[in-house]
Amino acid sequence: MTEERPQRLRRELGLGGATMMGLGSMVGTGVFVSIGIAAGAAGPATVLAIILAAFVAMGNALSSAQLAASHAVSGGTYEYGYRYLTPAFGFTAGWMFLCAKTASAATAALGFAGYLLRLLGDGQSAMQWIALGAIALFTVLVLAGLRRSSAMNIAIVSVTLLALFVFILAGFPSAIQGRDNFAPFFPDVNGSALHGFFYATALMFVAYTGYARIATLGEEVKDPRKSIPRAIIITLSIAAALYILIAAVAIGSVGAERFAGSAAEQATPLEAVAHSFDLPFVPELVAAGAITAMLGVLLNLIIGLSRVLLAMGRQGDAPPLFARIAGDGRAPASAVMLVGVAVGVLSLGGSLETTWAFSAFSVLIYYAITNLAALRLPRENRLYPRWIAVAGLSACLFLAFWVPPAIWLVGLALILAGLVWHMVVPHFWRAPPTSKET
């Protein structure tokens, strides 16, 4: 007699663990890199772009929270699209998430390797091998189950938050003295202050979207109807406060132009700013925080990607192999291993700003579908007013096309290619309906 495989993952994540998972996804590449890139587009108005992005993200977060509370399974918006909209919408959400976040995970692995080698004073020749090693290590960790992954994530996030708090405290006096660095507040960057501002808002929106990891893990959260909304709101509030303070300190200390220019260096923009404080150990601590932040992003993306792939295997959009859960119910082993291999292959190259802009477009489409699904929630399952989902949907569609045209054209082409796959390929492994199903 063969042992029956579990159909659902274990609920092992409480409110604290879910909040830290969200922070591990949000306090990473976004805070250490993307604020610098946004400053190059919007200048001092980056602070306002962060605030606007926070409002957009909060609307999306509330839509995600009520959907996850109502339908607490792995897969996030992929599952919500299927349940409340149409299979095409659900597939598009899952497909864009896989495309964008696999590239983001590879970028995080390379960022970790590059920052580690720089901190050690070594060259960059071994960067790809270190990145591949980190991917392999975290793939094995995720295979061991969410409880162990959560413990590692808490340790990683604690170091990152410590580094960011020290950066804010150390730089606050310099920022107060550098008030003139905020004028002009809306500089004419590349011929259009408005375009730069909304592009920066779209980039910063991506930095907030780690809260989706909590919804993606809905199947593994204890008491999801209460824990998921609370964890999402707490995570987003903490991240927004951090981003605003960090941007204000960085721009006030060295000016937006110098801060943005440091984004092109091997060091993180925050580390470059920390050198201007002329305080011992602060740059080194910020560099260590950047290293742990990249590891946190990598870990959380491997978890999130594998859960979306699990959901796609269950629906038949991916081969049934990826719907299988390990015998102890801790992890979707096949999905985790494929994600690890895909991230490792993509870590062989890529442009940080191009990857980030593509992620911005992809996640804005993803959350547009989230808000659309929230509008279809039955009245008895709705936790928040409908206007929140309407506002979130409108903001996502508006911001999606402020990224460079080449990026959103590639994104639209990928959506089309994915829909062709969705209509044609899965029929090769989907079982024909039985007489009871017809």
Sticking with the crude label model, points 7 Å out along Cα→Cβ, report the distance from ALA126 to PHE185 in nm, one decimal please. 4.9
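Kindly state, to the nearest 0.05, the FRET efficiency for HIS195 paired with ALA136, given R0 = 56 Å and r defined as their beta-carbon distance. Mind showing how you got there, number by number?
Working: r = 41 Å, r/R0 = 0.74.
That pair, HIS195 with ALA136, gives E of 0.85.
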A correct fewest-to-most ranking of ARG330, ARG386, ARG213, ARG324 by other Cβ atoms within 10 Å would be ARG386, ARG324, ARG330, ARG213
Taking +1 at the Cβ of each Lys and Arg and -1 at the Cβ of each Asp and Glu, which of GLN66, LEU399, GLY261 sits farthest along the dipole of segment 15-423 towards its positive end, judged by Cα position relative to the Cα centre? GLN66
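Below 8 Å between Cα atoms, with a sequence gap of 6+, how large is the relative contact order for segment 15-423 in percent?
Numbers: 764 pairs, mean separation 146.4, N = 409.
Relative contact order of segment 15-423: 36 percent.
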When a/c reaches 1.5 or more, the comparison of a/b and b/c decides; with that in mind, is segment 54-186 rounded, prolate or oblate per its Cα gyration tensor? oblate
Report the calculated FRET efficiency for ALA406 and LEU119 (r = Cβ-Cβ distance, R0 = 41 Å), to the nearest 0.05. 0.75
Of all the C-alpha pairs in the chain, what % are more than 36 Å from each other? 22
How far apart, in nm, are the 7 Å Cα→Cβ label points at ALA417 and SER237? 4.2
Student exercise, segment 195-246 dipole from Lys, Arg, Asp, Glu Cβ charges, in Debye to nearest 20: 140
Of the candidates PHE182, SER306, GLY133, the farthest towards the positive dipole end of segment 15-423 (Lys/Arg Cβ +1, Asp/Glu Cβ -1, centred on the Cα centre) is SER306
Max mean-square fluctuation residue, GNM over the chain, Cα-Cα springs under 10 Å, options GLU12, GLU219, GLU380: GLU380
Pull out the extension gain between PHE398 and LEU15, defined as 0.36 nm times the separation in residues minus the alpha carbon to alpha carbon distance; nm, one decimal. 134.6 nm
What is the calculated FRET efficiency for ASP278 to LEU162, with r their C-beta to C-beta distance and R₀ = 22 Å, to the nearest 0.05? 0.60
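With a 10 Å Cβ neighbour count serving as the proxy for reagent exposure, in which order, fewest first, do LEU62, LEU375 appear? Each step should come with its number before you reach the end.
Values: LEU62 23, LEU375 16.
Sorted ascending by nearby Cβ count, the order is LEU375, LEU62.
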Between VAL390 and PHE55, what is the spin-label point distance in nm, taking each point 7 Å from the Cα along the Cα→C-beta axis? 1.7
Please arrange MET58, MET294, MET96 by how many other C-beta atoms lie within 10 Å of their C-beta, fewest to most. MET58, MET96, MET294
Positive end of the dipole of segment 15-423, charges at C-beta (+1 Lys, Arg; -1 Asp, Glu), about the Cα centre: which of LEU285, MET204, LEU338 has its Cα farthest in that direction? LEU338
Suppose every K and R has +1 on its Cβ and every D and E has -1 on its Cβ; what is the size of the dipole of segment 15-423 about the Cα centre, in Debye to the nearest 20? 1300
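Only the coordinates and a few stated rules stand behind these numbers; no lab work does. Nothing here was measured: the structure is a model prediction, and the numbers come from that model. When we count neighbours, we look across all protein chains shown, and the Cβ atoms used for this are built from the backbone with ideal geometry, even at glycine.
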